[in-house]
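One structure below.
Any read-out appearing in this document is the output of simple, stated calculations on the displayed coordinates, not a laboratory observation. Nothing here was measured: the structure is a model prediction, and the numbers come from that model. Cβ atoms come from the backbone with ideal geometry, glycine included; neighbour counts cover every protein chain shown.
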Amino acid sequence: MDEITIAATATIIVALIGLFGNWYLINDNRKRELSIKQLEIEKQESNLILESLKEFWEYQNKVYQDVLRVASILTFNKEIDSEEFQKAYIRLWELKYGELPTCDSEEIELALEVFSDLAYEKKRLKVEDIKSIKEYEKLMKPCLKDISKSIRNSSILLDYTKIMRLRIKENMNGQKELKRN
């Protein structure tokens, strides 16, 4: 082979290497752009889901707070003939059969079942029977704790928050990986 043929072949090889190198870089950049767009789309979807569920979460949170407030009053109030205790007792049943069925879980239902039975029995005690009232407080405390735990386990907002935290971590790790490459 003469020098011209070698030079021409080398030029063609260098051109092909450059061409394939550029093609690889273009594809790599496209992949990065698509990954970034995918992350943006997922973020927008998450925001839409959050917005659409916001009212329900606010309602659920309000009901759950009310359940805990009422259950606390019924547990710790020793004056079972007081207006506060009586209102809390009525509110317990309103919540149990009116509002909770729209947003509760089986776990909350079970925890409230035991608690409401105890609240019913406590309400039927005589005001002078301080010893029994204190005994019911002891019996109701673990139930109150169970209600609180079941609410924490049943909260859609808390579940979604955990999922979103995991997604954010994954997205951040993915973005770090993209930047490294």
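The set of residues in segment 23-74 being in contact with a Lys or Arg (Cβ under 8 Å, 6 or more places away or on another chain) and over 30 Å from residue 143 (Cα atoms) consists of 42, 46.
Let me confirm something: among 149, 126, 131, 141, which residue is of a type in the set (Lys, Arg) and closer than 19 Å to residue 91 by Cα?
On the way: 149 fails: closer than 19 Å to residue 91 by Cα; 126 fails: closer than 19 Å to residue 91 by Cα; 131 fails: closer than 19 Å to residue 91 by Cα.
Going through 149, 126, 131, 141 in turn, just one is of a type in the set (Lys, Arg) and closer than 19 Å to residue 91 by Cα: 141.
Among the residues of segment 69-108, how many are surrounded by fewer than 12 Cβ atoms within 10 Å (Cβ to Cβ) and touching a Ser or Thr at 6+ places or on another chain (Cβ under 8 Å)? The number of residues fulfilling the criteria is 0.
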